[in-house]
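The next block holds one structure in the form of structure tokens; read it before the comments.
FYI, it's all coordinate maths here, none of it is from the lab. Computed from a predicted model, the values in this text were never measured in an experiment. Heads up, the Cβs are rebuilt from the backbone with ideal geometry, glycines too, and the neighbour counts pull from every protein chain shown.
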Amino acid sequence: MSTEPVSKDRILLEMRDVRIDGFSDERWHQIIKGVNLTLRRGEILGLIGESGAGKSTLGKAAMGYTQPGCKLTGGSILFDGIDLVKASDAEKRRLWGTRIAYVAQSAAASFNPAHRLIDQTVEAATRRGIRPDAESRADAVQLFRALQLPKPETIGSRYPHQVSGGQLQRVMTAMAMSPRPDLIIFDEPTTALDVTTQVEVLSAMRNIVEEFNTAAIYITHDLAVVAQMADTIKVLRYGEEVEEAPTRQMLTEPKQAYTRSLWSVRALEKPEVKGDDIILSIDHVDAAYGPFKVLHDVNISIPRGRTVAVVGESGSGKSTTARVITGLLPPLSGSVIFNGEPLPAALKDRSKDQLQRIQMIYQMADTAMNPRQTVFDIIARPLEFYLGLKGKAREDRVVELLKMIELDESFMDRLPSELSGGQKQRICIARALAAEPDIIICDEVTSALDQIVQEGILKLLLRLQKEFNITYLFITHDIATVKAISDEIVVMFQGKVVEQGLKSEILSPPFPDYTQLLLSSVPEMDPDWLTNLLSARPDGP
Amino acid sequence: MNAVLATILKRLGLGLATLFVVSAIIFSSISMLPGDFGQAVLGQSATQETVAAFRKELGLDKPAVVRYFEWAGDVLQGDLGTSFSGRNASGQDRSRQVSDLVMPRLWNTLFLAGVTALIAVPLALFLGLTTALYRNSAYDRAVNAATLTTISTPEFFVAYILILVFASLWPVFPSLANVDASTALGERLYRVALPALTLTLVIVAHMMRMTRAAIINLLASPYIEMARLKGASRSEIILKHALPNAWAPIATVIAFNLAYLVVGVVVVEVVFVYPGIGQLMVDAVTSRDIPVVQACALIFAATYILLNLTADIIGIVTNPRLLHPR
């Protein structure tokens, strides 16, 4: 707001011994346990940790806001000399959206579906009379342009559902920037985006924050992303600070074991093994949802006992391919050949044996399990349905399966709601294993999980493959996951297969254009990665 | 915009088709009513021949299908037929056109419904929005308790209490709401005050609670939190950020209650001796006056269909996803 040049050394935000309680399971738990945080003007602080570490809660607390079900129980929060703990609601409202702005994770859910983008962009500035409404609107167009949005003059007149997720995220950055705040809280702003889109959004956000010398707290679970954005990184775990250091120092010499474990997750890499015994092949498949054709002449072959990873952005046809294989979506033309014989196109025409041999694990373990069934019911069902196991034999087998996924029999009586995210996904794996399948289709099974939990699940899947010679078709948009688990890679783009081959072939040059874009967009643990990438791309992002 | 117009026209067409199906159901269910108009008018002592002749005169001897299409064809041309009553065994015919019987009554009913709606809908919206705004406050609890009480009390009881208070103990309004075509507007409003108040008390609770629930339901959305973090005040959040997304469920419940005001108010009409269409239909059923019953039933069905259609259209035009496709 102030026009005088601001020095980087003036402290903008100071949080001391902040404690926040959250209400769940009928009682209050401490979720932030005395965290200190100092932010100077124009400084960007990266806040990193697994889910449940309290990053988001702490980020919102920096605004003096606690979401419903949480309460501030101690500490002080000083924003530019204003005590946000003691400030009244009205005083805080005067700061929110004007001097402190918030950029949420899911732009699609955080824009009001009933209003045009431009109205929402200028809302805060206009409300507080920062400048005349018409000026704000003209300024918003400038911001849209600076954020490299297509058609900056007219995009504001669109409704949220009419633009893509990556564009919405940039409009939200424009919305935060519109009143020229002193501080922006970015709450996982690129987590929901594809890697290729993420690069564009990251660079746009970084440029604009730099241009206006805005201070920011950047919350994420992705180290490589925060390395591009932040001057300083603070690691949180279980609501406590693990350590804080300047970005370069943190990346090269983390002090704490926990931080080092965050760093090492991405190191997992399975040596590839070539396979010639094709168990399943997709042969010239075209598929459509109603009038919208989504797969064009897709050919994929999957060798027995190997992992084929299908990579691509959202909308590239990865999940549709899985639906065709399982019979959920009969293809328009082409066929799926399994063990040398074509499978019936539709699910209802397949025999029980065919169903048993192809199992599926989904991205959202939450929604893939009946919330009213116990772990025992969930795993025992396929045992009874496919194998006809009953009574003691069935119970023994459930215990055995639980052991395979590294859980003990005490889990049998639990409901899905009583499990952590990683445990839920393990139960889904056990359910797929129970059918004793030849092939398991894994649809983004680790995308919703934290890095460390991801690593555990991937290791489990690899071990099971070794023991039972299971074949995986692994759908993912995450290149690190691909490196970790695959033997072969299929790259998909806009419903077509760009290339298929051994991991080493696909991941080494020369690359087709799209593969090049996809691979180069994966953030690396190097603070200069984004800068170098952008200068290497001739036409910019 | 054209896509929306097309949708509305499609809904309108579906509404007409529904009305057609309903007319067939009305006709066949009335044919299945026990008893016979000829026998009812002529009495138990009438001979078979007299009854048969009388039935022939009214056209009741033809097969049901033929009668249905004759009736439906007439209705399409705006002719609701001739009432059965007014005839008797001696051959006198003082019967009247159904439309002459129904229209003044329908007008009375619509007048009462209109007056009630003008009070009840704004009141319910106001209460719904303010209770959502100050939810869990003493005000919220008081309004909820009060409206729950009125909706849980049988409407005839509410009516009698109001008569006791406002007509008897503190006589400001008349207890009888007998109006006719010659009653002036001011006098009409004065006479329908108590029935309108009764009906308001009966329908406000439902609309108010649904408005409150629809708004509160949205308050957990991420975009509402975003609005808060942009510094919007409570009233701005409710009116500007939640309400525009809540019109569809609110319109549905309002339409439902307005339909009730037209088709379901016979008890109130009886208590206040108000000459509405509900009483007419009940009388016609008692006297087996089939054309009147059919006309009333058709009007009721049309009311439901039209009001629900309006609610659907409001749901469409307040949803930018439908109004502005990608």
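Under a point-charge model restricted to the Cβ atoms of Lys and Arg (+1) and Asp and Glu (-1), what is the dipole moment magnitude of the stretch B:145-275 relative to its Cα centre, in debye to the nearest 20?
That gives a dipole near 540 debye.
Would you compute, from DSSP H runs of 4+ residues alone, the mean residue ellipticity of chain A at 222 nm, taking -39500 (n - 2.57) per run and dividing by the full residue count, rounded to the nearest 500?
On the way: 20 runs with 195 residues, N = 541.
Per the formula, -10500 deg cm²/dmol.
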Dipole magnitude of the stretch A:278-524, debye to nearest 20 (Cβ charges: Lys/Arg +1, Asp/Glu -1, about Cα centre): 540
Which ³J(HN,Hα) values, rounded to whole Hz and listed in residue order, are derived for the stretch B:18-28 from phi using the Karplus coefficients 6.51, -1.76 and 1.60 in 6.51 cos²θ - 1.76 cosθ + 1.60 with θ = phi - 60°, glycine and proline given as x? 4, 4, 4, 4, 4, 4, 5, 5, 4, 4, 6
Once you put a point 7 Å from the Cα of residue A:410 and another 7 Å from the Cα of residue A:496, both along the Cβ direction, what distance in nm separates them? 5.6
In the stretch A:278-524, with Lys and Arg counted as +1 and Asp and Glu as -1 at Cβ, which of these residues, A:490, A:288, A:317, has the Cα nearest the positive end of the dipole, that is, farthest along it? A:288
Cβ-based charge dipole, chain B, positive-most Cα from B:213, B:76, B:241: B:241
Which one of A:199, A:230, A:178 is farthest out on the positive end of the charge dipole of the stretch A:177-240, using unit charges on Cβ (Lys, Arg +1; Asp, Glu -1) and the Cα centre as origin? A:230
Would you list which lysines come within 16 Å of residue A:293, measuring only between C-alpha atoms, while excluding same-chain residues fewer than 8 positions from it? A:318, A:496
What lysines does residue A:60 reach when the alpha-carbon gap must be under 24 Å and sequence neighbours fewer than 8 apart in one chain are set aside? A:8, A:33, A:71, A:86, A:92, A:234, B:230, B:240
Using Cβ contacts closer than 10 Å as the measure, can you line up A:483, B:62, A:33 from fewest to most? B:62, A:33, A:483
Could you run the Karplus curve 6.51 cos²θ - 1.76 cosθ + 1.60 with θ = phi - 60° over the stretch A:454-471 and give me ³J(HN,Hα) per residue in whole Hz, x for Gly and Pro? 3, 4, x, 5, 5, 4, 4, 4, 5, 5, 5, 4, 5, 6, 10, 6, 7, 9
Under 5 Å, built H, 5+ apart or other chain: amide partners of residue A:242: A:235, A:236, A:237
Using amide H atoms built in the peptide plane, which far-off residues or other-chain residues are under 5 Å from residue A:185 H to H? A:101, A:102, A:103, A:217
Along the stretch A:254-262, what does the Karplus equation 6.51 cos²θ - 1.76 cosθ + 1.60 (θ = phi - 60°) give for ³J(HN,Hα), rounded to whole Hz, x for Gly and Pro? x, 8, 8, 4, 4, 4, 4, 5, 4
Final fewest-first order of B:80, A:519, B:323 on the 10 Å Cβ neighbour count is B:323, A:519, B:80
Expressed in nm to one decimal, what extension gain is obtained for the pair residue A:390 and residue A:88 from 0.36 nm per residue of sequence separation less their Cα-Cα distance? 102.4 nm
Most exposed first, judged by fewest Cβ atoms within 10 angstrom, B:50, B:286 run B:286, B:50
Under 20 Å by backbone N from the virtual spin label 7 Å along Cα-to-Cβ at residue A:347, the residues of the stretch A:399-432 are A:428-432
Asserting the computed 222 nm helical MRE of chain B (DSSP H runs at least 4 long, -39500 (n - 2.57) per run, divided by residue count, to nearest 500) equals -22500 deg cm²/dmol
Mind checking which lysines have their Cα closer than 16 Å to the Cα of residue A:503? Skip sequence neighbours fewer than 8 apart in that chain. A:270, A:274, A:483
Note: residue B:219 to residue B:321 extended length (0.36 nm per residue) minus current alpha-carbon separation gives 34.7 nm
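Determine, from the Cβ-Cβ distance of residue A:255 and residue A:148 and an R0 of 41 Å, the FRET efficiency 1/(1 + (r/R0)^6), rounded to the nearest 0.05. Provide the component values of the computation, followed by the final result.
Working: r = 38 Å, r/R0 = 0.93.
Approximately 0.60, to the nearest 0.05.
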Amide H to amide H, which residues 5 or more places from residue A:158 or on other chains are under 5 Å from it, using H placed in the peptide plane? A:117, A:118
Antiparallel DSSP beta bridges within the protein assembly as shown, as percent of all bridges there, nearest 5: 55
Roughly how many debye, to the nearest 20, is the charge dipole of the protein assembly as shown about its Cα centre, given +1 on each Lys and Arg Cβ, -1 on each Asp and Glu Cβ, and no other charges? 1500
Degrees between helix A:117-127 axis and first principal axis of chain A (Cα, 0 to 90, nearest 10): 30
Using the basic label-point model (7 angstrom from Cα toward the beta carbon), what is the residue B:29 to residue B:8 distance in nanometres? 3.1
Theoretical FRET efficiency, 1/(1+(r/R0)^6), r = Cβ-Cβ of residue B:160 and residue B:107, R0 22 Å, to 0.05: 0.25
Using r as the Cβ-Cβ distance of residue B:75 and residue B:190, and R0 as 35 Å, what FRET efficiency do you calculate, to the nearest 0.05? 0.45
